[in-house]
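Presented below is the structure to which this report refers.
The values are calculated or read from the model by the stated rules, or taken from the named source; none is laboratory data. Predicted, not measured: the structure shown is a model, and the values here were computed from it. Methodologically, a virtual Cβ is constructed for each residue, glycine included, from the backbone with ideal geometry; neighbour enumeration extends over all protein chains shown. Note: accessible area is taken over every heavy atom of the protein model, side chains too, but ligands, DNA and RNA are not part of it. Shrake-Rupley method; radii C 1.70, N 1.55, O 1.52, S 1.80 Å.
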Amino acid sequence: MQITAAVVHEKAGPFAVERLDLTDPRPDEALVRIVASGMCQTDLHGRDGYYNTPYPAVYGHEGAGIVEAVGSAVTAFAPGDHVVISYPWCGQCPNCRRDLPSHCMRSFDLKMRGTRADGSTLMSKDGAPVYSAFFQQSSFATHAIANARYMVKVRKDAPLELLGPFACSGQTGAGAVLISMQPRPGDAIAVFGVGAVGLSGLMAAKIAGCDPIIAVDLHDGRLTLARALGATHAINHSGRNDVVAEIRRITGEGVRFALETSAQPAVFREAVEALMPAGTCVLLGSARRGTEVSFEMPFLQFGRVVRGVIQGESHPQEFIPKLVDFLMLGNMPVDRMMTFYPLAEINRAAQESSRGATIKPVLRMPQ
Ligand SMILES: [Zn+2]
Ligand SMILES: [Zn+2]
């Protein structure tokens with residue numbers, strides 16, 4: 001079928017909204033009409049060639065939409081279902097067999113190669129392939145083909161256009177707190193970087209009863225929003241080198257948990273140094289290959305833990321419906337961080353996201 005999608009033709013080139021051909025779903029796949037898709041930094045890193053996805057390519061990995069057709073082997077979904085499309089995993093590697101799908105050892109290829117596992121593409125133009133299985137979805141388009149394994153059914157009374165970001169940035173931040181950290185009420189937490197991932201973690205920390213909740217960022221506007229979403233303290237990092245001392249002044253002994261989303265080595269070090277004994281620092285920020293960080297070895301004594309987490313270690317079909325319930329209860333007002341753009345203005349969305357004017361861009365698809 002003919003669809004409309006945002007195509008990038010060359011490294012770091014602009015998005016071009018064009019008509020493309022989309023293949024039919026295979027037996028284990030579904031055709032989803034995308035209502036809206038979040039835009040993540042990963043999409044822009046893909047556009048800029050960080051992952052060596054071939055061009056032309058269609059990005060987007062936070063798609064939310066309505067099932068239009070399902071393959072013959074799909075039983076869990078039917079046309080009309082509201083769905084979010086989450087991250088892919090292989091199901092067979094040592095980590096998938098241990099029920100750790102977010103740490104799938106083939107996930108990089110499944111996310112970044114731009115093809116299905118067998119090398120086929122989902123979209124084409126005039127018979128030529130368009131690399132279009134980014135995260136096995138390529139949701140910057142009016143329609144996507146998705147494998148049912150990565151689809152999550154969501155309640156129909158929830159506003160679909162708010163749900164796409166739960167597929168990646170939302171569950172990354174919220175899962176790091178609720179699944180990886182599992183704080184108890186009264187645990188102190190510091191969130192370094194309150195973009196879309198950090199704010200999702202911060203809202204989850206509030207749901208868990210963390211106190212204090214300390215937000216650290218460079219932008220006053222984001223810190224104001226962090227306060228509104230549950231931060232008890234806000235520290236503007238600009239021009240100061242006493243952030244760790246300030247956190248110790250607030251908490252006494254340091255924080256039980258630190259969430260690092262900035263991917264800046266100096267900030268990561270602060271996140272580790274802010275920990276109390278037996279505290280845990282979770283790294284979510286994705287730094288480029290070759291980035292190094294140092295901290296004093298004694299900081300890892302007394303049971304401090306430093307670890308990385310991907311996709312909030314979520315099982316999306318269990319976790320994303322919970323996040324949607326939080327949204328509907330008013331406990332996770334993700335709309336407060338979103339700015340909506342029509343697909344035709346995707347380049348403006350990317351620019352405003354890159355310079356920090358927009359926290360979470362969401363693209364509405366033409367109908
Ligand atoms: Zn795997
Ligand atoms: Zn993402």
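Observations, loosely collected:
- Residue selected from the stretch 257-271 under the condition out of contact with any helix residue (DSSP H, G or I) (no Cβ under 6 Å at 6 or more places or on another chain) and either open to solvent by less than 40 Å² (accessible area, probe 1.4 Å) or in a loop (DSSP other than H, G, I, E, B) (or both), by the criterion nearest to residue 182 (Cα to Cα): 271
- Put simply, of 190, 146, 176 the only residue that is part of a strand (DSSP E or B), crowded, with 24+ Cβ neighbours inside 10 Å and within 16 Å of ligand 2 (Cβ to nearest atom) is 146.
- Checking residue 322 against (1) assigned to a helix (DSSP H, G or I); (2) touching a strand residue (DSSP E or B) at 6+ places or on another chain (Cβ under 7 Å); (3) surrounded by fewer than 20 Cβ atoms within 10 Å (Cβ to Cβ), the condition it does not meet: (2)
- Checked across the stretch 76-83, the condition of being in contact with a Cys (Cβ under 9 Å, 6 or more places away or on another chain) and on the phi > 0 side of the Ramachandran plot holds for no residue.
- Evaluation of residue 202 against (1) within 19 Å of the chain's Cα centre (by Cα); (2) modelled with pLDDT under 95 (one fails), failing number: (2)
- Checking each residue in the stretch 113-129 for being over 19 Å from the mean Cα position of the chain (by Cα) and surrounded by 24 or more Cβ atoms within 10 Å (Cβ to Cβ) picks out 122, 123.
- Filter pass, residue 353 being in contact (Cβ under 8 Å) with a residue 24 or more places away in the chain, small (Gly, Ala, Ser) and open to solvent by 60 Å² or more (accessible area, probe 1.4 Å): no
- Selected residue [of a type outside the set (Gly, Ala, Ser) and at pLDDT below 95] from 268, 295, 340: 295
- Meets criteria (within 16 Å of ligand 1 (Cβ to nearest atom) and at pLDDT 95 or above) for residue 123: no
- Tally of residues being hydroxyl-bearing (Ser, Thr, Tyr) and open to solvent by 10 Å² or more (accessible area, probe 1.4 Å) across the stretch 154-173: 1
- Some residue of the stretch 133-141 being free of Cβ contacts under 8 Å to residues at least 12 places away in the same chain, under 18 Å from the mean Cα position of the chain (by Cα) and within 24 Å of residue 42 (Cα to Cα): no
- Residue, farthest from residue 193 (Cα to Cα), within the stretch 272-297, restricted to residues that are open to solvent by 70 Å² or more (accessible area, probe 1.4 Å) and more than 26 Å from the chain's Cα centre (by Cα): 297
- Counted residues, the stretch 298-321 - those being within 19 Å of the chain's Cα centre (by Cα) and in contact (Cβ under 8 Å) with a residue 24 or more places away in the chain: 14
- For the stretch 202-219, the count of residues that are open to solvent by less than 30 Å² (accessible area, probe 1.4 Å), within 16 Å of ligand 2 (Cβ to nearest atom) and of a type outside the set (Phe, Trp, Tyr) is zero.
- Within the stretch 130-141, being open to solvent by 10 Å² or more (accessible area, probe 1.4 Å) and not in a helix (DSSP H, G or I) holds for one residue alone: 131.
- Residue count for the stretch 298-319, restricted to those that are in a loop (DSSP other than H, G, I, E, B) and open to solvent by 50 Å² or more (accessible area, probe 1.4 Å): 4
- Counted residues, the stretch 90-112 - those being open to solvent by 80 Å² or more (accessible area, probe 1.4 Å) and either within 16 Å of ligand 2 (Cβ to nearest atom) or not in a loop (DSSP other than H, G, I, E, B) (or both): 2
- Cβ-Cβ under 6 Å pairs, at least 6 apart or on other chains, the stretch 1-29 side aromatic (Phe, Trp, Tyr), far side modelled with pLDDT of 95 or more and part of a strand (DSSP E or B): 15/6; 15/8
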